[in-house]
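> One structure, as structure tokens, below. Some questions next.
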Amino acid sequence: MDNGIKDMHYDALIIGAGFSGLYQLHRLRDDLGLDTAIIEQGKGVGGTWYWNRYPGARCDSESQGYAYFFSKKIHEEWQWSERYPCHSEIRQYLNYVADNLNLKKDIFFGSKVYRCTFLTEQNLWRIQTEQNESFFAKWLITAVGCLSSTNVPKIAGLSSFKGTWYHTGQWPHEGVNFKGRKVGQIGTGSTGIQAAPVIAQECEHLTVFQRTANYSIPARNAPWDDAYSKWVKNHFRELKSLVKSTPSGHPFRISNDLTMEVSENERRSLLNDAWLKGGLRFRGVFNDLLTSSKANQQAAKFIKSKIQEKVSNPETAKVLTDIDHPYAAKRPPIDTNYFETFNRDNVALVDLKDNPISEIFPNGIRLQSGIEHELDAIVFATGFDAMTGPLVKLNIAGTEGNLRNYWRNGPMNYLGLSIPSFPNLFMITGPGSPSVLSNMPVSIEQHVDWITECIRYCADKKIDSIEADEDAAKDWTTHVDEIANTTLLPKVKHSWYL
Ligand code: NA7
């Protein structure tokens, strides 16, 4: 009977066409010779960068390291233009890679997965899309990223708002014209800190609603000069070995110095040098910033003093530096003129700490105290249902039921790659893997290579089904918790890291 549903059979299916999905397709199709396809919700490649097009959207990793390292040819043919790649340049890069490897012919664009079911008798995964497609494959790989499921907080009255509202992670492709508009931005994480300075330059007035004050280090973005670009092209092996050998996968080393073991003068001078260099490198100025409260307090004090120097209104500076967590215990943002933006006449800061948003009314945002802020547009820079969100949204059912239920007490899995009772399913950069704590493309390559070799092994040994052992998954999850507890990361109230 023709029910309008299109059935398609593959050896392997990948969900998502970002950094991870594209490389995984290349390896399974071109190295293992498997009949492989990607199912992608967007109309183009890019993954998280397909959707994140908000003003100021830019990667915090430095471009010479935010790239694939599996191909010398790709490395040498591509040239980044700035220290940190902006969202459109990353899409250009991924399009270049996809075209170069002829990947697009095996990608189903505009197909949104709503259910993945393991069919035990057939030993196959069935993947269903909202576009009436049914895909079948022995191997299923999720390449859905860690930050792709947007979080719009449930604030009463949003539907009554007469203006327009946007989430930074679902930004309109045609852009947004803020000219002459009163804009409210909720959220001061990495995204909000990038967006506010750019929105402020365009709109009539910007009100930034801050729930938790945040540290930020100057990015010091600049165009790469020709000499440096040439150096990057000619040093493929050195760069590759660097990113593959540093703990974070970034193209810089972390110092061995311990904060309290240098003199006060030297400490100040090292922090100052790191501040001037800017970027995520700041975190590596001492070895113990994330493990010793005392060390962390030194960095925190230094950053707060820098913020105070930048912000002219002492009351505003006070609210911006009233930070309740250790430096870098939340994802540490880097910025271009974020704090300086509060010196503009058309920018105001609202402290939500003791006076949260109570509701959105037709003309703006009302706080619990009754104070109203009239707005024409609201920008939600409120982050994502991180890590587990994009996976549970796929509605994956294994041999023992649904993933959402399986993970009701936390995302138990092995190496962030495989989940007991979900046979032949692999996650790229799943929860409990280094993923967002590292420079993502480097971690992605490691996972994709692991998965590829695992599938190759199964094929060679005629193994039809593989899944994580439950004890191994429990041990791994406990191990991850133990490691996290040796750091300052758990000392934070709201953090998507957790
Ligand atoms: P984040 O880092 O999760 O930041 C979200 C921000 O939104 C943060 O300041 C939150 O405050 C704030 N937030 C969230 N919900 C609310 C409500 N209901 N009211 C007020 N404020 C709220 O997401 P980003 O998009 O900035 O960054 C995500 C990552 O993307 C980034 O680190 C890079 O890796 C790329 P909170 O701090 O929770 O109090």
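> Considering only segment 323-360, state which residues are touching an Asp or Glu at 6+ places or on another chain (Cβ under 7 Å) and either assigned to a strand (DSSP E or B) or more than 30 Å from residue 160 (Cβ to Cβ) (or both).
Matches in segment 323-360: 334 only.
> What are the residues in segment 291-307 that are touching a residue at least 60 places away in the same chain (Cβ under 8 Å), crowded, with 20+ Cβ neighbours inside 10 Å and more than 18 Å from residue 338 (Cα to Cα), if any?
Residue satisfying the conditions is 296 alone.
> When you scan segment 331-350, how many residues do you find that are under 24 Å from the mean Cα position of the chain (by Cα) and modelled with pLDDT of 95 or more? Spell out how you get there, then give the answer.
If we filter segment 331-350 for residues that are under 24 Å from the mean Cα position of the chain (by Cα), which is where we start, we get 331-339.
Narrowing the set further to residues that are modelled with pLDDT of 95 or more leaves 333-339.
Residues meeting the conditions: 7.
> Something else about it: Give me the pairs: first residue in segment 308-320 and over 20 Å from residue 212 (Cβ atoms), second residue open to solvent by 30 Å² or more (accessible area, probe 1.4 Å), beta-carbon distance under 6 Å, and six or more apart or on different chains, which are they?
Close Cβ pairs (under 6 Å, with a partner that is open to solvent by 30 Å² or more (accessible area, probe 1.4 Å)) amount to 312/343.
> Can you tell me which residues in segment 37-82 are charged (D, E, K, R) and within 16 Å of the ligand (Cβ to nearest atom)?
53, 58, 60, 62
> Based on what the data block shows, is residue 114 in a strand (DSSP E or B), modelled with pLDDT of 95 or more and surrounded by fewer than 19 Cβ atoms within 10 Å (Cβ to Cβ)?
On the way: in a strand (DSSP E or B): yes; modelled with pLDDT of 95 or more: yes; surrounded by fewer than 19 Cβ atoms within 10 Å (Cβ to Cβ): yes.
Yes; evaluated as a whole, the condition is true for this residue.
> Taking segment 356-410 on its own, how many of its residues are open to solvent by 30 Å² or more (accessible area, probe 1.4 Å), within 11 Å of the ligand (Cβ to nearest atom) and closer than 30 Å to residue 119 by Cα?
Total satisfying the criteria: 1.
> Please verify whether segment 325-342 includes one or more residues that are closer than 13 Å to residue 209 by Cβ and within 14 Å of the ligand (Cβ to nearest atom).
The answer is no; no qualifying residue exists.
> When residue 132 is evaluated against the numbered criteria (1) in contact with a Ser or Thr (Cβ under 9 Å, 6 or more places away or on another chain); (2) on the phi > 0 side of the Ramachandran plot, which criterion, by number, is the only one it fails?
Of (1) in contact with a Ser or Thr (Cβ under 9 Å, 6 or more places away or on another chain); (2) on the phi > 0 side of the Ramachandran plot, only one is false for residue 132: (1).
> Can I ask one more? Please find, among 118, 161, the residue that is in contact (Cβ under 8 Å) with a residue 40 or more places away in the chain and more than 22 Å from residue 430 (Cβ to Cβ).
Numbers: 118 fails: more than 22 Å from residue 430 (Cβ to Cβ).
Just one listed residue meets the conditions, 161.
> Follow-up question, since we're still on this one. Among the residues of segment 147-189, how many are out of contact with any strand residue (DSSP E or B) (no Cβ under 8 Å at 6 or more places or on another chain), closer than 24 Å to residue 60 by Cα and within 11 Å of the ligand (Cβ to nearest atom)?
1
> If I ask for residues that are closer than 26 Å to residue 68 by Cβ and hydroxyl-bearing (Ser, Thr, Tyr), which ones from segment 444-498 would you list?
Residues satisfying the conditions are 452, 457, 497.
> So which of 464, 475 ends up being charged (D, E, K, R) and part of a helix (DSSP H, G or I)? Before you say what the answer is, go through the steps one by one.
Working: 464 fails: part of a helix (DSSP H, G or I).
None of the other options fit; the residue is 475.
> Does residue 441 satisfy the criteria of being buried (at least 20 other Cβ atoms within 10 Å of the Cβ) and within 16 Å of the ligand (Cβ to nearest atom)? Give the steps one after another, and end with the answer.
Numbers: buried (at least 20 other Cβ atoms within 10 Å of the Cβ): yes; within 16 Å of the ligand (Cβ to nearest atom): yes.
Yes: the conditions hold for residue 441.
> Can you list the helices (runs of 4 or more DSSP H) found entirely within segment 164-281 that contain at least 3 residues being charged (D, E, K, R) and open to solvent by 60 Å² or more (accessible area, probe 1.4 Å)? Steps first, answer last, please.
Working: elements: 190-202, 226-234, 236-243, 264-277.
Those helices (runs of 4 or more DSSP H) span 236-243, 264-277.
> Out of curiosity, is residue 218 farther than 26 Å from residue 329 by Cα and more than 14 Å from the ligand (Cβ to nearest atom)? Explain how you work it out, then say what you get.
Values: farther than 26 Å from residue 329 by Cα: no; more than 14 Å from the ligand (Cβ to nearest atom): yes.
No, not satisfied.
> If you check residue 448 against the conditions, is it away from the ligand (no atom under 14 Å from the Cβ), open to solvent by less than 40 Å² (accessible area, probe 1.4 Å) and either over 24 Å from residue 323 (Cβ atoms) or without any contact (Cβ under 8 Å) to a residue 12 or more places away in the chain (or both)? Walk me through it before giving the result.
Details: away from the ligand (no atom under 14 Å from the Cβ): yes; open to solvent by less than 40 Å² (accessible area, probe 1.4 Å): yes; either over 24 Å from residue 323 (Cβ atoms) or without any contact (Cβ under 8 Å) to a residue 12 or more places away in the chain (or both): yes.
Against the criterion (away from the ligand (no atom under 14 Å from the Cβ), open to solvent by less than 40 Å² (accessible area, probe 1.4 Å) and either over 24 Å from residue 323 (Cβ atoms) or without any contact (Cβ under 8 Å) to a residue 12 or more places away in the chain (or both)), residue 448 qualifies.
> Continuing with this model, one more query. Find the residue count for segment 282-322, including only residues that are under 27 Å from the mean Cα position of the chain (by Cα) and not in a helix (DSSP H, G or I).
9
> Can you list the helices (runs of 4 or more DSSP H) found entirely within segment 34-108 that contain at least 3 residues being at negative phi, of a type outside the set (D, E, K, R) and open to solvent by 20 Å² or more (accessible area, probe 1.4 Å)? If you could, list the steps in order and put the result at the bottom.
On the way: elements: 48-51, 72-77, 87-100.
By residue number, 48-51, 87-100.
> Looking at segment 478-498, which of the residues that are part of a helix (DSSP H, G or I) and open to solvent by 50 Å² or more (accessible area, probe 1.4 Å) is farthest from the ligand (Cβ to nearest atom)? I'd like the intermediate steps shown before the answer.
Step one: list which residues in segment 478-498 are part of a helix (DSSP H, G or I), which gives 478-485.
Right, trim to open to solvent by 50 Å² or more (accessible area, probe 1.4 Å) and you get 478-479, 481-483, 485.
Working: 478: 26, 479: 24, 481: 21, 482: 24, 483: 20, 485: 21 Å.
Once the filter is applied, the top-ranked residue is 478.
Okay, residues lined up against (1) modelled with pLDDT under 95; (2) polar (S, T, N, Q); (3) under 24 Å from residue 289 (Cβ atoms); (4) open to solvent by 10 Å² or more (accessible area, probe 1.4 Å):
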| site | (1), (2), (3), (4) |
| --- | --- |
| 412 | no, no, no, yes |
| 417 | no, no, no, no |
| 423 | no, no, no, no |
| 426 | no, no, no, no |
| 434 | yes, no, yes, yes |
| 437 | yes, no, yes, yes |
| 455 | no, no, no, no |
| 465 | no, yes, no, yes |
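The values are calculated or read from the model by the stated rules, or taken from the named source; none is laboratory data. Only a predicted model underlies this, so the values are computations on that prediction, with no experimental measurement involved. Positions of Cβ are backbone-derived with ideal geometry, glycine not excepted, and every protein chain shown enters the neighbour counts. These accessible areas exclude ligands, DNA and RNA; they are computed on the full protein's heavy atoms, side chains included. Shrake-Rupley method; radii C 1.70, N 1.55, O 1.52, S 1.80 Å.
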